[in-house]
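Quick notes on the structure that follows.
The values are calculated or read from the model by the stated rules, or taken from the named source; none is laboratory data. On a predicted model such as this, the values are computed, not experimentally measured, just so you know. When we count neighbours, we look across all protein chains shown, and the Cβ atoms used for this are built from the backbone with ideal geometry, even at glycine. SASA here: full protein model, heavy atoms, side chains in, ligands and nucleic acids out. Shrake-Rupley method; radii C 1.70, N 1.55, O 1.52, S 1.80 Å.
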Amino acid sequence: GPPPETNSPEDFRRAAEAAVLEQAATGKGVILGRGSVAALREHPHVLRVRLTGPSQRRLAVAMELSGLGEQEASAAMRRLDRYHADYLREFYDVNIDDPTLYHLALDATALDVGPCVELILTAARAIR
């Protein structure tokens, strides 16, 4: 959620971006969401990854991981997908599906977690 000192969506975006930039400056860690793919697009040593997959397989994985039923998981997935796309469009004027935002896009529903992590680590070590 928004930090307590935020009063508007723009305040939230500024606070989130400041946190993303601060973490990125350490050169360590993984940053999920908060527009980080757009906020860090000019940072040459940051690997930007999109985890994706066909919606039906994403739904199956979401149900398995969350324990939610199909309707609840589907509604949550649609809501989150829309929120992420809207956030990037509203605050960064980018399309979440723009391939130039990412160095790597993985169908995370086609691979087990281990191979996904290994691919990302290999790419992170190779980024220049």
Which is farthest toward the positive dipole end of the chain among I127, L51, Y83, measuring Cα position about the Cα centre, with Cβ charges +1 (Lys, Arg) and -1 (Asp, Glu)?
I127
Hey, in the GNM for the chain with a 10 angstrom Cα cutoff, which one of V117, V20, V37 fluctuates hardest?
V117
Round to a whole number: what % of the accessible area of the chain belongs to carbon and sulfur, probe 1.4 Å?
55 percent
When only the heavy atoms of the protein chains count and the probe is 1.4 Å, how do M63, M77 rank by accessible area, highest first?
M63, M77
Given Cα pairs under 8 Å that are at least 6 residues apart, what percent is the relative contact order of the chain?
30 percent
Can you pull out the GluC sites (Glu not before Pro) in region 25-128 whose DSSP state is coil and whose Cβ has at most 15 other Cβ atoms within 10 Å?
E42
7 Å from Cα along Cα→Cβ at both Y83 and A18: what's the point-to-point distance in nm?
2.3 nm
Compare D81, D93 by solvent-accessible area with a 1.4 Å probe and give them largest first, with all protein chains kept in place.
D93, D81
So, with +1 on the Cβ of K and R and -1 on the Cβ of D and E, and no other charges, what is the size of the charge dipole of the chain about its Cα centre, to the nearest 20 debye?
300 debye
Gaussian network model of the chain, springs between alpha carbon atoms under 10 Å - residue of G114, G35, G27 with greatest fluctuation:
G114
Out of D11, D112, D86, any idea which swings most in a Gaussian network model of the chain, alpha carbons joined below 10 Å?
D112
One would report the Cα pair-distance distribution of region 1-109, bin width 5 Å, in %, as 2, 11, 18, 21, 19, 16, 11, 2, 0
For region 53-128, accessible area per residue (1.4 Å probe, heavy atoms of protein chains only), Å²
71 Å²
